[in-house]
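Since the structure comes first, as structure tokens, the remarks are kept for the end.
Values quoted throughout were computed directly from the atomic coordinates according to the rules given, and no laboratory measurement underlies them. Note that this is a predicted model, so its numbers are computed, not measured. All Cβ positions, glycine included, derive from the backbone under ideal geometry; neighbour counts span all protein chains shown.
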Ligand code: AMP
């Protein structure tokens, strides 16, 4: 029979990788909870309509990247392709607008997009994300950016560059959109087919297209069309970032692949990564909560890819968990005593492993050495002996005192 493999674009998290990923989770918790964020987890799938309304019908994600299926009751469900719309849905569903604002939430979850797999781009991937919902204060924008900068720094990611911009309000964007569409139509013969075909649907994406950088450098920029409030908001975000020593480039061509952004948008990328250089990004989404049926509520947040962070980061070697005691035995009649001893040792807080493969005594001592055991209890015909693997000393001990002896010996 043919060997089964994980589906295309997915991967197994093996034990060595799991340790590095836990480090990301630990640092995210430390950095975000210090700023008042609390963990949230939403379901793996949601009503398809949440993403159609929240992320936007015209986006690549909704048009072609969603894993959508019907449940037995004929409802259309979708594996979450992103975290902001679900977190906003939870905010509305649980009446969090009644809490002190902004409500600050973080998550570390798996997401699903039907994209062409390549290095750093998968169909199931993990994101750590943070959302601050309920305040339009520019300090929220600056603080979320600072927190992601601090997290990437704490995880020793290399070659990080931050780009920021402002998209203004949907009204400013609508007027600008027409201006940009007129510009693109005037140069239609120079546009790649996929850009030309989407002038009506999503003209902003022309800034992401390869091969027309010159043309787009001369295109009208949204940043020059912001109204006074949005321009002042963006200036304040920049002033706070400057004051906190965060380095960034203002990039008026920065557009993000999701429709819900208003005002501030930002993206962190790493020169350590290849074509998929984005490590994390986000921005403000002042209309999203209302779009999914909640009260008019501003919000701001980001998501960063766990796999991309790890690709861009130093990965210090991780030590396997310590084994304080290895319980060896030869006679099958001693198995129950050995089994109970290993359990007792673990309940006392020790790392304890039991012989599980029927090795000879010599084989067991070798295995104990391989796992780095500090002590080996040898249950034999003459009673129990305790071997100190560091000094090589071996002596008889009372079976009931093994755990106490190991604790004492470990502390010496
Ligand atoms: P987005 O939600 O598209 O803004 O993505 C935020 C971050 O998630 C990106 O900067 C990447 O680090 C990561 N990411 C997005 N899509 C993928 C994917 N298909 N595979 C791996 N990481 C991804």
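For the chain, the longest principal axis of the alpha carbon atoms and the long axis of helix 402-411 meet at an angle near 60°. Which shape class, rounded, prolate or oblate, goes with the range 317-358 when its Cα gyration tensor gives a ≥ b ≥ c as root eigenvalues, a/c under 1.5 marks rounded, and past that a/b bigger than b/c marks prolate? It comes out oblate by the Cα gyration axes. Checking the a/c ratio against 1.5 first, then a/b against b/c, what shape does the Cα gyration tensor give for the range 1-108? The shape class here is oblate. What is the range 323-411 by shape, rounded, prolate or oblate, if you read a ≥ b ≥ c off the alpha carbon gyration tensor as root eigenvalues and call it rounded for a/c under 1.5, prolate for a/b larger than b/c, and oblate otherwise? Rounded, since a/c falls under 1.5.
Based on the mean of other beta carbon atoms within 10 Å per residue, what is the order of 121-128, 233-240, most packed first?
The densest-packed peptide leads the list: 121-128, 233-240.
Peptides 192-204, 286-298 ranked from most to least packed, by the mean per-residue count of other Cβ atoms within 10 Å: 286-298, 192-204. Take every pair of alpha-carbon atoms less than 8 Å apart whose residues are at least six positions apart; their mean separation over the length of the range 16-84 yields a relative contact order of 27 percent. Based on C-alpha pairs under 8 angstrom that are at least 6 apart in sequence, the chain has a relative contact order of 16 percent. Each peptide in 362-369, 7-14, 88-95, 102-109 receives the mean, over its residues, of other Cβ atoms within 10 Å, and ordering these scores from highest gives 102-109, 88-95, 362-369, 7-14. What angle do you read, to the nearest 10 degrees and between 0 and 90, between the alpha-carbon axis of helix 335-347 and the longest principal axis of the chain? The angle comes out near 50 degrees. Every helix of 4 or more DSSP H residues in the chain counts as -39500 (n - 2.57), and over all residues that averages to -10500 deg cm²/dmol at 222 nm.
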